[in-house]
Amino acid sequence: MWMKEYPLADSYDVVVVGGGSAGFTAAIQAARAGAKTTLIEKNSILGGTTVVAAVDFPGLFHACGKQVIGGIGWEAIERTVAKGGATLPDFTKSVGNRHWEHQIRVNRFVYSTILEEMCLEAGVVLRYHEMPAAVYVQGQERRLMTAGKSGLSAIGFKKMVDGTGDANMAGLMGYERVKGEVLQPGTLVYKLGGYQMEQVDVTALKEAYSTALQAGNIRRTDHLPGEIPLYRELQSRGSSSLHITDIDGSTSLTKSHAEIEARKALMRIYSLLRGIPGCEQLYVEYFANECGIRETWRIAGEEWVDADRYISGYRWPDAVCYSYYPIDIHQHDSNTTDVRPLAEGVVPTIPYGALVPRGSDHLLAAGRCASGDRVAHSAYRVQASCMAMGQAAGAAAAIAARDDISVRQVNLEEVRDVLLAHAAIVP
């Protein structure tokens, strides 16, 4: 095969692809467990959606006043707090269905720098500006081809963790993946400035919106729901809830379409608002580098996290972490969200088998591409849960690489012991 023509640039015990919530924890855990580890990230910075899409409020780490996710992800939060990059809410306070009050707003610069420091301290080799291109597996020979600024590179590996969020590595290696017939919309986070809130003419805003809606110059999915469209955006100086519909962020081409449509939506908002009295000097103070993607491919794993078992808090026999978040389905055809809070005292678990593509020997997949139906996925896709899954995948990958065994053969008690030794909370 043509990949064998390339000399190996380097070889690793564990290769992690994707530096988001699942990827950075997987890489640090694998390295701390003694594996020679590299982390491949297409951007120039770690943090994934939390940083490049500005969804900078990771959660949830606590349930019913008790911490349920700890470990490397929580260590990153604590170190961010210590550097002045976040303030912790009162987790003992009951928030009922207002789960967002227990999310943690992080400064993206401080947080991303902390992740980088933690990787380097653990000995992780960071490979920014690279993307996977192909995988070759034949017996003991395993190679990942990456495309970077200097062209193609061949990297040897023993085990790999797919932290791409889109199950890209599972797809490259030919494992079964699933995707819903409809996908949750994306979101572009932005911030507005330059307007005089006290001078905004609400009547003019209503009339201008109605005219623009009829003309197709604004869409209902462009803004938060409310009696006065776009007024909440002005009150909050931005929005993280506009919906970019009919997109699929799983390939470079379709992700490009998502980014284009996201910026078109913001331009529609900008253009409409600048014609409203009080908003003549309105400008876009900030917009995220990327459109946040909620849903694409998931692996078909050795286990399948379905909605019933997630909602009931089923304790999987091979559970490796908790996940605590309500069902949170952003509607693909409106600006509304179907939120279904978990019952009091219910804390779902994630099984190790949900991180193993069916039949896989060398690949684990962690984060929002873990195996499950789209209802359960709408909850376990959030950052804290992805961190917990990533750490579990990193521990298992390190053990499988050390013992030269299939990822399906690792001793789960040893995985749990490694996790506990690194402050994770294990069911």
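About the Cα centre of the range 69-183, how large is the charge dipole given +1 on each Lys and Arg Cβ and -1 on each Asp and Glu Cβ? Please answer in debye to the nearest 20. Each step should come with its number before you reach the end.
Numbers: 14 positive and 13 negative charges, 28 e Å.
Dipole of the range 69-183, to the nearest 20 debye: 140 debye.
Largest first, please: the extent of the C-alpha atoms of the range 210-251 along each principal axis, to the nearest Å.
For the range 210-251, the Cα extents along the three principal axes come out at 36, 26, 13 Å.
Pop out the Kirkwood hydrodynamic radius of the range 258-318 from its pairwise C-alpha distances, inverse of mean 1/r, in Å to one decimal. It would help to have the intermediate numbers written out before the result.
On the way: mean 1/r = 0.0625 Å⁻¹.
Hydrodynamic radius (Kirkwood, Cα pairs) of the range 258-318 is 16.0 Å.
Could I have the simple spin-label model distance between GLU227 and ASN411, label points 7 Å from Cα toward Cβ, reported in nm to one decimal?
In this crude spin-label approximation the distance works out to 6.5 nm.
Rounded to the nearest 0.05, what FRET efficiency is calculated for ARG402 and THR336 with R0 set to 30 Å and r the Cβ-Cβ distance? Walk me through the intermediate numbers first.
On the way: r = 49 Å, r/R0 = 1.62.
The calculated FRET efficiency here is 0.05.
On each of the three principal axes of the Cα atoms of the chain, give max minus min coordinate, whole Å, ordered largest first.
Cα extents, longest axis first: 69, 51, 42 Å.
In debye, nearest 20, what is the charge dipole magnitude of the chain about its Cα centre with +1 on Lys and Arg Cβ and -1 on Asp and Glu Cβ, if you could check?
Working: 42 positive and 48 negative charges, 64 e Å.
Dipole about the Cα centre, nearest 20: 300 debye.
DSSP loop GluC sites (Glu not before Pro) in the range 86-141 with at most 12 other Cβ atoms within 10 Å of their Cβ, which ones?
On the way: sites: GLU101, GLU116, GLU117, GLU121, GLU130, GLU141; in loops: GLU130.
Passing both the DSSP loop test and the Cβ count: no residue.
Apply 1/(1 + (r/R0)^6) to the Cβ-Cβ distance of ARG274 and VAL182, taking R0 = 30 Å, and write down the FRET efficiency to the nearest 0.05. Don't jump to the answer; show the numbers that get you there.
Details: r = 33 Å, r/R0 = 1.11.
Given R0 = 30 Å and the Cβ-Cβ separation, E is 0.35.
Mind checking which of GLN214, SER241, ALA258 is farthest towards the positive end of the range 131-263's charge dipole, using Cβ charges of +1 (Lys, Arg) and -1 (Asp, Glu) about the Cα centre?
ALA258
Which loop trypsin sites (Lys or Arg not before Pro) in the range 303-396, with loop taken from DSSP, have no more than 14 other Cβ atoms within 10 angstrom of their Cβ? Mind showing how you got there, number by number?
On the way: sites: ARG309, ARG315, ARG358, ARG368, ARG374, ARG381; in loops: ARG315, ARG358, ARG368, ARG381.
In loop regions of the range 303-396 (DSSP not H, G, I, E or B), the sparsely surrounded trypsin sites (Lys or Arg not before Pro) are ARG315.
For Cα pairs less than 8 Å apart in space and 6+ apart in sequence, what is the mean separation divided by the residue count of the range 190-287, i.e. the relative contact order in percent? Each step should come with its number before you reach the end.
On the way: 124 pairs, mean separation 46.0, N = 98.
It rounds to 47 percent for the range 190-287.
So which of LYS83/LYS255; LYS149/LYS255; LYS206/LYS255; LYS149/LYS191; LYS206/LYS264 end up more than 25 Å apart, counting from Cα to Cα?
Exceeds cut-off: LYS83/LYS255; LYS206/LYS255; LYS149/LYS191.
Can you tell me the Rg and Dmax of the range 190-287, counting just the alpha carbons, in angstroms?
Reported Rg and Dmax, both Å: 13.7, 44.
Taking H as built 1.01 Å from N, whose amide H comes closer than 5 Å to the amide H of TYR314, not counting residues under 5 places away?
Under 5 Å from the amide H of TYR314: THR349.
Using alpha carbons only, how many degrees (0 to 90, rounded to 10) separate the axis of helix 108-122 from the longest principal axis of the chain?
Between the helix axis and the principal axis of the chain, the angle is about 0 degrees.
How long is the gain from ARG237 to MET267 if the chain were fully straight, where each residue apart is worth 0.36 nm and the alpha carbon distance is subtracted?
Working: separation 30, 0.36 × 30 = 10.80 nm, distance 1.54 nm.
Stretched fully, the ARG237-MET267 segment lengthens by 9.3 nm.
Hey, what number do you get for the chain at 222 nm if only DSSP H runs of n ≥ 4 count, each worth -39500 (n - 2.57), divided across all residues, to the nearest 500?
Dividing the helical sum by the residues of the chain leaves -9500 deg cm²/dmol.
Taking a temperature of 20 °C and a viscosity of 1.002 mPa s, what whole-number D in µm²/s does Stokes-Einstein yield for the range 1-149 with Rh from Kirkwood over alpha carbon pairs? Don't jump to the answer; show the numbers that get you there.
Numbers: Rh = 16.8 Å.
Value of D from the Cα-based Kirkwood radius: 127 µm²/s.
Counting Lys and Arg as +1 and Asp and Glu as -1, each charge on the Cβ, what is the dipole of the range 190-287 about the Cα centre in debye, to the nearest 20? Before the final figure, lay out each step's value.
On the way: 11 positive and 12 negative charges, 28 e Å.
I would put it at about 140 debye.
Round to a whole angstrom and tell me the spacing of the C-alpha centers of the range 1-52 and the range 293-316.
One Cα centre to the other: 25 Å.
Counting pairs of alpha carbon atoms under 8 Å apart in space and at least six apart in sequence, what relative contact order in percent does the chain give? The partial results should precede the final answer.
Numbers: 1004 pairs, mean separation 97.8, N = 427.
Relative contact order here is 23 percent.
Using the per-residue mean of other Cβ atoms lying within 10 Å as a proxy for protection, in what order, highest first, do the peptides 244-252, 166-174 fall?
Details: 244-252: 19.4, 166-174: 22.1.
Output ranking for 244-252, 166-174: 166-174, 244-252.
Subtracting the Cα-Cα distance from 0.36 nm times the residue separation, let me have the gained length for GLU141 to ASN107 in nm, one decimal.
Details: separation 34, 0.36 × 34 = 12.24 nm, distance 4.21 nm.
In short, 8.0 nm is gained.
Throughout, read-outs are computed from the coordinates displayed, never taken from laboratory work. This structure is a prediction, so every number in the text was calculated from the model and none was measured. Here Cβ is always computed from backbone atoms with ideal geometry, including for glycine, and neighbour counts include all displayed protein chains.
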